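The values are calculated or read from the model by the stated rules, or taken from the named source; none is laboratory data. Since this is a predicted model, take the numbers as computed values, not measurements. FYI the Cβ positions are ideal-geometry reconstructions off the backbone, even for glycines, and counts take in every protein chain you see.
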Amino acid sequence: MKAVLEVIVRGLVDEPDRVRIRESVSGSRVTYDISVSERDLGKVIGRDGRIANALRTVASALAARQNREAQVEIES
């Protein structure tokens, strides 16, 4: 799941080398902390948070396949 999110986020930003995704598991919940450069933060969040919501939807769908819940946090 982490690899899929990483491919998507790297495709969105101007500085793909600065993309970092930390995965932490607590029970059946998986949390992804996505870190990008300050310049690319708006590209990952998107207008009205649409891209961020799409990332959360993808993560949730992937997690559901493994009977888990996913949470995505975006930070610079």
Practice item. Quick one: residue 56 ticks every box in (1) of a type outside the set (Gly, Ala, Ser); (2) assigned to a helix (DSSP H, G or I); (3) in contact (Cβ under 8 Å) with a residue 24 or more places away in the chain; (4) surrounded by 14 or more Cβ atoms within 10 Å (Cβ to Cβ) except a single one, so which number is it? Key: (3)
Check your understanding: When only residues in segment 23-38 that are of a type outside the set (Val, Ile, Thr) and out of contact with any helix residue (DSSP H, G or I) (no Cβ under 9 Å at 6 or more places or on another chain) count, which is nearest to residue 73 (Cα to Cα)?
Key -> 33
Practice item. Consider residue 48 carefully, then state whether it is loosely packed, with under 14 Cβ neighbours inside 10 Å, modelled with pLDDT of 95 or more, on the phi > 0 side of the Ramachandran plot and not in a strand (DSSP E or B). Key: yes
**Study point:** Single unsatisfied condition, residue 40 versus (1) acidic (Asp, Glu); (2) part of a helix (DSSP H, G or I); (3) loosely packed, with under 15 Cβ neighbours inside 10 Å
**Key:** (3)
Review point. Within segment 12-19, can one find any residue that is part of a helix (DSSP H, G or I) and free of Cβ contacts under 8 Å to residues at least 12 places away in the same chain?
Key: yes
